[in-house]
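Shown next, in C-alpha cells, is the structure this report addresses.
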Amino acid sequence: MSLYSFHGRVMRTGRLLLAMYALLPLLLVMPAQSEPIRMGTFAIPLMVESENRGVFIRLAEAVAEEAGQELNIALFPTQRVREEFVERHLDVIFPAIDVSMNSPYLATTAVYSKRIFAFTRTADPRVLKATDMAGKRVGYTAGFSYSDDVLSVAGASYQSTITDPQNIKKLLAGRIDVFIGDERSALRAIAEQQADDLVHYERTQPLSEHPVFFAFQRTPRGSELHQRFNQALARMAADGRLAAILNQTR
C-alpha cells in the first residue's frame with residue numbers, strides 16, 4: 001500500500017468518526033422520536049369513553065401530534081393502569097393526578113383541574129365542605145380518584161356505583177343524600193337525566209381540587225418525552241388550542 005493510499009484511508013476514517021460524533025446527539029433522542037408512546041388511560045364519563053373517544057383522548061392525540069410523536073393508547077381499569085405504569089409497560093398515564101400516583105413520575109404542566117363537588121337535591125341544603133356530609137349517605141363513582149378527606153368523613157356512609165348517571169338516579173330516588181363527583185362529568189350526567197332543575201351544588205366551593213397532567217416515567221426516555229410534551233402544551237396553551245379542546249362537550 002502506498003503512503004498516499006494510507007493517508008487517504010486515515011483521512012476518510014477521521015471524517016467518518018467526526019460525522020458519527022456529530023450525529024451522536026441525534027441518535028440519543030431518536031428512540032423518543034421514532035418509537036410510539038405507550039399511553040395508559042381509564043374510563044371517565046365524557047373525558048375518556050374509549051381508546052379513541054373522549055375529550056382527554058382528543059387532547060392527548062393533539063399534544064402528541066404537536067410534539068411530533070406517535071401515540072398508542074390502551075384503556076385499562078383504574079388500578080390496572082397504575083400497575084402497568086409501575087411495571088414500565090407504559091410510557092405515560094393520562095389523565096394523572098397526584099393522589100392517584102403510587103410510583104415515581106415526571107409531571108407535565110397541568111392541563112386541567114379536577115374539581116370534586118357535592119351534589120344534592122334542590123330541596124336539600126347545598127354541601128359546602130366535606131364535613132357537611134357527616135350523617136349522610138354519600139354516593140361516589142368507583143374508579144374515580146378522590147382525596148382521602150372526601151371519602152373518610154366521620155359519620156358519613158359511603159356507597160359506590162360504576163357510573164355518574166347511576167349516582168344521579170340514586171340521588172333523585174332518595175337512595176343517597178349526596179353525590180360527590182367531578183364537576184364536568186357530573187353535570188353531563190345530570191343533563192342526561194334531565195335533572196338540571198332537580199340537583200344543585202355550590203360552584204364556588206369544591207370539596208377538593210387537583211391539577212391533571214401527563215405522568216411520564218422517571219427514565220431518560222421519559223424525561224425526553226416529558227420535555228417534548230411540555231413544549232407542545234405551552235404552544236397549544238398560547239394559541240388557544242388547548243382551551244378549545246377542553247371546552248368541547250362531545
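The values are calculated or read from the model by the stated rules, or taken from the named source; none is laboratory data. Please read all numbers here as calculations on a predicted model, not as lab measurements. No Cβ is skipped: glycine too gets one built from the backbone with ideal geometry, and neighbour counts run over all protein chains shown. Surface accessibility is based on the protein's heavy atoms, side chains included, excluding ligands, DNA and RNA. Shrake-Rupley method; radii C 1.70, N 1.55, O 1.52, S 1.80 Å.
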Residues Gly139, Gly155, Gly143, Gly135: which one is among the small types (Gly, Ala, Ser) and within 30 Å of Ala243 (Cβ to Cβ)?
-> Gly143
Selection from segment 75-85 of residues that are closer than 15 Å to Ala215 by Cβ and touching a strand residue (DSSP E or B) at 6+ places or on another chain (Cβ under 8 Å) = Phe76, Val81, Arg82, Glu84, Phe85
Search result, residues across segment 204-236 that are outside any loop (DSSP other than H, G, I, E, B) and without any contact (Cβ under 8 Å) to a residue 24 or more places away in the chain = Pro220, Gln227
Strands (runs of 3 or more DSSP E) completely within segment 133-182 that count 2 or more residues being closer than 20 Å to His200 by Cβ and either open to solvent by less than 20 Å² (accessible area, probe 1.4 Å) or at pLDDT below 95 (or both) = 137-141, 178-182
Answer yes or no as to whether Ser185 is touching an Asp or Glu at 6+ places or on another chain (Cβ under 7 Å), modelled with pLDDT under 90 and closer than 27 Å to Pro95 by Cα.
-> yes
(1) of a type in the set (Asp, Glu); (2) at pLDDT 95 or above; (3) farther than 29 Å from Pro165 by Cβ all hold for Glu61 apart from (3)
Could we say that Val127 is in a loop (DSSP other than H, G, I, E, B), more than 26 Å from Met47 (Cα to Cα) and in contact with a helix residue (DSSP H, G or I) (Cβ under 9 Å, 6 or more places away or on another chain) here?
-> no
Is it the case that some residue within segment 24-43 is touching a strand residue (DSSP E or B) at 6+ places or on another chain (Cβ under 9 Å), open to solvent by 10 Å² or more (accessible area, probe 1.4 Å) and modelled with pLDDT under 95?
-> yes
Counting only residues that are part of a helix (DSSP H, G or I), out of contact with any Ser or Thr (no Cβ under 8 Å at 6 or more places or on another chain) and not acidic (Asp, Glu), which one in segment 65-109 is modelled with the highest pLDDT?
-> Arg80
Taking the stated definitions as given, is Asp196 in contact with a helix residue (DSSP H, G or I) (Cβ under 8 Å, 6 or more places away or on another chain), without any contact (Cβ under 8 Å) to a residue 12 or more places away in the chain, open to solvent by 30 Å² or more (accessible area, probe 1.4 Å) and in a loop (DSSP other than H, G, I, E, B)?
-> yes
Within the bounds of segment 73-94, is there any residue that is open to solvent by 60 Å² or more (accessible area, probe 1.4 Å), under 24 Å from Asn247 (Cα atoms) and within 17 Å of the chain's Cα centre (by Cα)?
-> yes
Return a yes/no flag: does segment 113-132 have any residue that is open to solvent by 10 Å² or more (accessible area, probe 1.4 Å) and within 30 Å of Pro36 (Cα to Cα).
-> yes
